[in-house]
1. Can you tell me which of (1) at pLDDT below 65; (2) over 30 Å from residue 25 (Cβ atoms) is the one residue 104 doesn't meet?
2. Working only within the range 47-73, note down all residues that are surrounded by 10 or more Cβ atoms within 10 Å (Cβ to Cβ), more than 11 Å from residue 19 (Cβ to Cβ) and among the β-branched types (Val, Ile, Thr).
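The values are calculated or read from the model by the stated rules, or taken from the named source; none is laboratory data. Quick caveat, the model's predicted, so the values are computed rather than measured. We place every Cβ from the backbone using ideal geometry, glycine too, and count neighbours over all the protein chains shown.
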Amino acid sequence: MELLLRSYQEKKPYRLKCRFGIGAHPREDRLQQEALRSLDSFVVDMHHQGWDYVPGYEQFSGPYMPIAPMTLYKQPELTAKQMMPLVAAGRKLHQGYATRPLTVLRPQVLERWEYEIRAVFIRRAIHVEVA
């Protein structure tokens, strides 16, 4: 379902961001060239998804450590009736999620760095999910 905004209503700007990777210790001109290329492809990709780019609000930051995407699974919530046999069998029940700690390295020791570009976009139609 798609909700079309009326022309007399103001469109809300959204600051969206993307990351791009480059080899460690890049020259300044190479970094600027890669940032502009990434910004161009980011604008094209967002235009295909229905976003309109608002020039003049770009922000650039980095370097950051590359982070591999991971899926965090929510543990099922057990009722007291389901917990009783587990506790009677000696199992310890913990609150929260079982996650492993992440090792964070300084960007200076990595072979590849990531930089982030933030830009402002508006949308003419807002997609709405209906149950």
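1. (2)
2. 54
Residues are listed down the side, and each one gets a yes or a no for (1) touching a residue at least 60 places away in the same chain (Cβ under 8 Å); (2) aliphatic (A, V, I, L, M):
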position: 13; (1), (2): yes, no
position: 23; (1), (2): yes, no
position: 33; (1), (2): no, no
position: 36; (1), (2): no, yes
position: 39; (1), (2): yes, yes
position: 54; (1), (2): yes, yes
